[in-house]
Amino acid sequence: MSLRGDKKLEQYLIENFEWFHRHPELSYEEYETTERIRAVLTDAGIEILEYPLATGLVAVVRGRKESADGHYGVTALRCDIDALPIMEEADVPYVSEYTGKMHACGHDFHITAGIGAAILLQERCEELCGTVKFIFQPAEEEAHGAMKILESGAADDVERIWGFHGDPTNRVGAVGIREGYVTAAVDRFVIRVRGVGCHGAHPDDGIDPILASAAIVQGLHSIVGRNVNAFHPAVLSVTRLQAGATWNVIPTVAEMEGTVRTMDREDRVLYERRVRETAERIAAAYGAVAETEWTAGPPATYNHKEMARVCEDVARKQGMEAVPEESSMGGDDFAYYEDKDAMGRELPGCYVKIGVGVGQQIHHPAFRVEQTAILPAAEYLAAILLADSASASGR
């Protein structure tokens, strides 16, 4: 298949983008998506590596340029592929064909830009020193899809990894770049407060778990202001509080759920301890018992200084605008690739935000990507990977 010429490649990428948008699949269900990616890359002559993955895949472009010192590095680009359980409201002619599912986070854009970068890099493999893996990762929205890739062994030989996300707060042609932390560690908690149920007219006969839960909610929100350094970004949100089934009965159990977002590793440990202590001790003061279930999600994403500078330099050379990337208390399982606990070693990474046109925020039912962002994003990513390989022999 020949895709020489920007216009021809752009049209091809747009056609595939629209297909991915019309056929969104949820986390761990991306079977059609995976097969489409496989078919498109195979048609472009790009090698697919076989790993034990139910969904998602890894492709490779092998450089043909000789290394000055004999070192041929392996780098990777992560592209996530899953959709969200949202009913689409975007005014586009290629609306989702699957009721209650849509690419509301722009992963269709990520897939297509990744495919475009692979095609462009394959065409310039004579300039590429080393190997680039293209990781089309499942289940980012479930926050643990990256672990499937890591468990498969696909990242065992990777020395540096790049990630990106479509940004609806920036125009097409702008790229958000920052050194240091850019997304937060994501943790989830569930607290069950057990009291003694009784008639609503006789609260003295029981122990009210709702009253205790209300006090716990207030106590949890004091952790940010009284236990964490004011210069450290952190968020705690109680997002669900449920108890009882009728108007005249005080229930036995109340349950709350929420999330903690942190940037600092020590703060993350502190939060878990203080959430448990706060819940248990406040519940005890009301005569109730609290049990906390803590689920650790991805760690914070950290942009390697040297890699961020490569992104800035390439953006300027590509005629794009490099703007400061806002740190977000949102999370991304891209961070698992960098995490020593998950990898067994530290892997330098960099995660940038590529403008897709100013509009509705991600996860909104009317979110959309301007299609003019697709080809420039592919060209930008390919240029980063080439620039990175140019310095491979100097590492």
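The values are calculated or read from the model by the stated rules, or taken from the named source; none is laboratory data. Remember, it's a predicted structure, so these values are computed and weren't measured experimentally. Backbone-built Cβ (ideal geometry, glycine too); neighbour counts: all protein chains shown. Quick note on the areas: whole protein, heavy atoms, side chains included, nothing else; ligands and nucleic acids left out. Shrake-Rupley method; radii C 1.70, N 1.55, O 1.52, S 1.80 Å.
Where helices (runs of 4 or more DSSP H) sit wholly within the range 315-395, those with at least 2 residues that are surrounded by fewer than 19 Cβ atoms within 10 Å (Cβ to Cβ) occupy 340-343, 374-390. Report those strands (runs of 3 or more DSSP E) wholly inside the range 171-228 carrying at least 1 residues which are of a type in the set (Asp, Glu). Counting at least 1 such residues, we get 185-194. Residues in the range 10-36 that are in a helix (DSSP H, G or I) and either β-branched (Val, Ile, Thr) or open to solvent by less than 20 Å² (accessible area, probe 1.4 Å) (or both): LEU13, ILE14, ASN16, PHE17, PHE20, HIS21, THR33, THR34. Note on the range 51-101: residues that are small (Gly, Ala, Ser), more than 15 Å from GLU25 (Cα to Cα), open to solvent by less than 40 Å² (accessible area, probe 1.4 Å) and assigned to a loop (DSSP other than H, G, I, E, B) amount to 4. Restricted to the range 134-166, and to residues there that are farther than 22 Å from GLY297 by Cβ and open to solvent by 10 Å² or more (accessible area, probe 1.4 Å), the residue that is nearest to the chain's Cα centre (by Cα) is ARG160. Taking the range 236-290 as the range and being assigned to a loop (DSSP other than H, G, I, E, B), of a type in the set (S, T, N, Q) and open to solvent by 50 Å² or more (accessible area, probe 1.4 Å) as the test, the residues that pass are THR246, THR252.
Quick test of your reading of the structure: TYR181 fulfils all but one of (1) farther than 30 Å from ALA118 by Cα; (2) of a type in the set (Phe, Trp, Tyr); (3) in contact with a Phe, Trp or Tyr (Cβ under 7 Å, 6 or more places away or on another chain). Name the failing condition by number. Going through (1) farther than 30 Å from ALA118 by Cα; (2) of a type in the set (Phe, Trp, Tyr); (3) in contact with a Phe, Trp or Tyr (Cβ under 7 Å, 6 or more places away or on another chain) one by one, TYR181 breaks only (1).
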